[in-house]
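Undergrad: Please read through the structure below; I'll follow up with questions.
Every number here is computed from the coordinates shown, using simple stated rules; none is lab data. Being a predicted model, the structure only gives us computed values, none of them experimental. As a convention, Cβ positions derive from the backbone with ideal geometry for all residues, glycine included, and neighbour counts pool all protein chains shown.
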């Protein structure tokens, strides 16, 4: 009886792990997920591009159907030249905003101002990865010469 | 000791073990989180200037070829069409190789 319970728990654990890793692999195959250091969550990614906000908005809109399938909601704020991406479970929110120009290039910053954690670990890191991957790909689609910098941010988790 | 009492004790023991494991795991996770935070602070204190890299490198995409002028500035090599390409939607002039209009965001088919 006791061994039966242990075996059941072990089977459940193995099945859930296989399901989660299989899902990640599927996202990777689709090009929606790129393996990267988890530190990107605490960093601001600054893009230097010759693309304008309108171009980037259009490029992000082109990826919107795939992102909404993943439960990512995108909102556009043309007046503020900003785009927000958030999980439908409210687990995190991401912000891409136009910061100005530098050396003739438009400077956009992508960051995660908020995310939920459990025991100090982000609850939805896979979808956060999908969000930043989509933004990077949109930037590349608009300007293949886009340069990036990673900046440390002071962010407190709730 | 009856069978029921033994099973009861076993259930209580199992419950206590689960609680202990949970506390230990939580402590380990907090410790790991602190380690990450400390690493973060160390990195911040190092004040290393952020390194700029080409986004295309991250995806293994070859960026467009560039020319380096005598002043050392690099400019992308682009083939100039006879007349500038314009957006079919708003008529705004497009950059060479642009996939979207910079003015109205219309997707430009090649």
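Undergrad: Hey, fewest Cβ within 10 Å first, where do A:126, B:108 land in order?
TA: Values: A:126 15, B:108 18.
Ordered by Cβ neighbours within 10 Å, fewest first: A:126, B:108.
Undergrad: Going by alpha carbons, how many degrees (0 to 90, nearest 10) lie between the helix axis of A:125-142 and the longest principal axis of chain A?
TA: 30
Undergrad: Could you work out Rg/(2.2 N^0.38 Å) for segment A:1-125, with Rg from alpha carbons only?
TA: On the way: Rg = 18.9 Å, N = 125, 2.2 N^0.38 = 13.8 Å.
That works out to 1.37 for segment A:1-125.
Undergrad: For segment A:101-154, compute Rh as the Kirkwood radius over C-alpha pairs and then the Stokes-Einstein diffusion coefficient at 10 °C and 1.306 mPa s; write the answer in µm²/s, rounded to an integer.
TA: On the way: Rh = 13.2 Å.
Using the Kirkwood radius from Cα pairs, D works out to 120 µm²/s.
Undergrad: Right, here's the next one. So what is the relative contact order for segment A:1-129, in percent, with contacts set as C-alpha pairs under 8 Å and at least six apart?
TA: Working: 151 pairs, mean separation 29.7, N = 129.
Rounded, it is 23 percent for segment A:1-129.
Undergrad: I would also like to ask the following. For the pair residue A:88 and residue A:5, how long in nm is the line joining their label points, each one 7 Å along Cα→Cβ?
TA: Taking the simple label geometry, residue A:88 and residue A:5 are separated by 3.7 nm.
Undergrad: Zone of residue A:68 (label point 7 Å along Cα→Cβ, backbone N under 13 Å): which residues in segment A:25-39?
TA: none
Undergrad: Which residues in segment A:41-61 have a backbone N closer than 19 Å to a point placed 7 Å from the Cα of residue A:117 along the Cα-to-Cβ line?
TA: Residues passing the 19 Å test: A:41-45.
Undergrad: Same structure, new question: Counting other beta carbons within 10 Å of each Cβ, put A:53, A:40, A:19 in order, fewest first. Kindly include the intermediate steps, with their values, before the conclusion.
TA: Working: A:53 21, A:40 17, A:19 10.
Going from least to most buried by this count: A:19, A:40, A:53.
Undergrad: Now, a different point. How many times 2.2 N^0.38 Å is the alpha carbon radius of gyration of segment A:64-158? Walk me through the numbers on the way to the answer.
TA: On the way: Rg = 13.9 Å, N = 95, 2.2 N^0.38 = 12.4 Å.
Relative to the 2.2 N^0.38 Å estimate, segment A:64-158 comes out at 1.12.
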